[in-house]
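Quick notes on the structure that follows.
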Amino acid sequence: MNQQSKTEFGTIKIHKDVIASLADNTIKEIPGALRIAKNLTTRILELITKQKLSPSIKIEFDKNNEAIIEIPLVVSYGYNIPEVAANVQENVKSIIENSTNILVKEINVNVKQIERG
Amino acid sequence: MRTYNYIFLFYTIVFICLGVLLIAFCLHVFELNTLVSLLNEYYTNLHSRISLTATGIAMVLLALLFAQIVSAKQEREKTIAFTNPSGQVTITLLAVEDLIRRISQDFPQIKELRPNVIIRKKKGIDVNIRLILKSEVNIPEFTAHLQETIKSKIQEIFGIEEAIMVKIYVAKILSQHEKTKEKNKDSSSYDKDKEINIPYQTFRNL
């Protein structure tokens with residue numbers, strides 16, 4: 001669940017949810033990217049628990065500890081989707097690498113829906 | 001072997017066992033007394049009930065997992081994908097259908113539009129549209145304009161270079177009678193809104 005690094009004083013663990021939140025907050029600021037699409041399980045769990053769960057962003061690490069991130073996205077109507085997706089990939093990659101020092105190998109954007117934003 | 005293959009195998013075995021049991025029951029292979037005592041045992045014994053409950057929960061969870069895996073697999077197949085230097089971008093066909101619905105909102109002549117997007121291997125994209133029109137329009141002109149708009153919007157917004165074939169099926173054109181019926185429905189609902197009683201209104205009149 002966590003990405004771990006060692007310093008001279010001890011270890012630093014960064015939870016996957018932190019990376020997901022960073023990505024979520026970055027996406028909100030990108031024009032054309034409306035929000036993270038929620039899957040059915042998250043929607044049901046949110047209904048039952050009545051709490052906002054962490055965004056449905058999948059994060060995995062490969063052998064070299066590089067992150068592979070999958071983002072389900074809702075895009076605003078009228079925007080050029082390849083441009084929005086490329087912006088999401090660039091911005092999310094830079095914010096995660098700058099904030100956590102975790103190397104990002106891939107950011108796969110999955111456009112699920114189009115809504116009027 | 002993939003996870004869904006295991007689950008598929010498990011449910012195949014379960015269904016075969018269930019089928020065999022049903023056939024055996026109908027052919028009177030088991031004695032009724034044996035069945036009743038077995039049922040009685042499972043109904044009253046706490047350990048048996050717990051193990052049965054656990055089995056039931058496990059089966060429900062497996063079924064949900066199976067459904068999720070199958071739906072995710074189907075969804076993965078129904079996507080348009082391209083690769084950027086930072087990773088892959090996939091667009092679900094549902095998103096393309098969403099876009100077409102949004103485009104249709106700019107045409108006041110359209111009462112209802114149902115899109116169905118299909119990807120043809122190596123041949124591009126097929127967009128099938130079922131249309132209900134609000135008013136009598138010049139159908140060849142209107143549909144040609146709609147086809148062109150949908151095609152250009154998809155190419156512009158998704159950056160798709162493949163050939164896009166837009167097929168339109170005009171299912172219905174609303175008649176004047178149907179239109180007035182609809183208007184009446186709208187106005188009657190408006191009247192109902194008007195008739196809402198305001199609480200304590202009578203106090204003011206007094």
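Of the helices (runs of 4 or more DSSP H) lying entirely inside region A:15-117, those containing at least 2 residues that are facing another protein chain (nearest Cβ under 10 Å) and without any contact (Cβ under 8 Å) to a residue 24 or more places away in the chain are A:40-49, A:81-100.
With respect to the conditions (1) surrounded by fewer than 18 Cβ atoms within 10 Å (Cβ to Cβ); (2) over 16 Å from residue A:113 (Cα atoms); (3) at pLDDT 80 or above; (4) not β-branched (Val, Ile, Thr), residue A:50 lacks only one, and its number is (3). Does residue A:10 count as surrounded by fewer than 18 Cβ atoms within 10 Å (Cβ to Cβ) and under 30 Å from residue B:161 (Cα atoms)? No; evaluated as a whole, the condition is false for this residue. Determine, yes or no, whether residue B:82 is of a type in the set (Phe, Trp, Tyr) and either within 30 Å of residue B:11 (Cβ to Cβ) or surrounded by 16 or more Cβ atoms within 10 Å (Cβ to Cβ) (or both). So residue B:82 does not fit the description; no. Assess whether residue A:44 counts as being out of contact with any His (no Cβ under 6 Å at 6 or more places or on another chain), of a type in the set (A, V, I, L, M, F, W, C) and loosely packed, with under 14 Cβ neighbours inside 10 Å. Considered against the rule, which asks whether it is out of contact with any His (no Cβ under 6 Å at 6 or more places or on another chain), of a type in the set (A, V, I, L, M, F, W, C) and loosely packed, with under 14 Cβ neighbours inside 10 Å, residue A:44 comes out as yes. Counting the residues of region B:79-118 that are over 15 Å from residue B:158 (Cβ atoms), at the interface with another protein chain (Cβ under 7 Å from one of its Cβ atoms) and outside any strand (DSSP E or B) gives 1. Quick one: in region B:121-175, of everything that is within 20 Å of residue B:81 (Cβ to Cβ) and in contact (Cβ under 8 Å) with a residue 60 or more places away in the chain, which residue is surrounded by the fewest Cβ atoms within 10 Å (Cβ to Cβ)? Restricting to residues being within 20 Å of residue B:81 (Cβ to Cβ) and in contact (Cβ under 8 Å) with a residue 60 or more places away in the chain, the top hit is B:159.
Each residue in region B:26-54 was checked for being polar (S, T, N, Q), open to solvent by 70 Å² or more (accessible area, probe 1.4 Å) and under 23 Å from residue B:15 (Cα atoms), and 2 pass. Scanning region A:57-81 for residues that are under 23 Å from residue A:105 (Cα atoms) and surrounded by fewer than 18 Cβ atoms within 10 Å (Cβ to Cβ) yields A:58, A:60, A:61, A:62, A:63, A:64, A:65, A:66, A:68, A:70.
The one condition from (1) open to solvent by less than 60 Å² (accessible area, probe 1.4 Å); (2) in a helix (DSSP H, G or I) that residue B:59 does not meet is (1).
Among the criteria (1) over 18 Å from the mean Cα position of the chain (by Cα); (2) open to solvent by 80 Å² or more (accessible area, probe 1.4 Å), the one residue B:94 does not fulfil is (1).
The values are calculated or read from the model by the stated rules, or taken from the named source; none is laboratory data. Computed from a predicted structure; not experimentally measured. Every residue, glycine as well, gets a Cβ built from its backbone with ideal geometry; the counts of neighbours run over all protein chains shown. When the accessible area is computed, the model is the full protein with side chains, heavy atoms only, and any ligands, DNA or RNA have been set aside. Shrake-Rupley method; radii C 1.70, N 1.55, O 1.52, S 1.80 Å.
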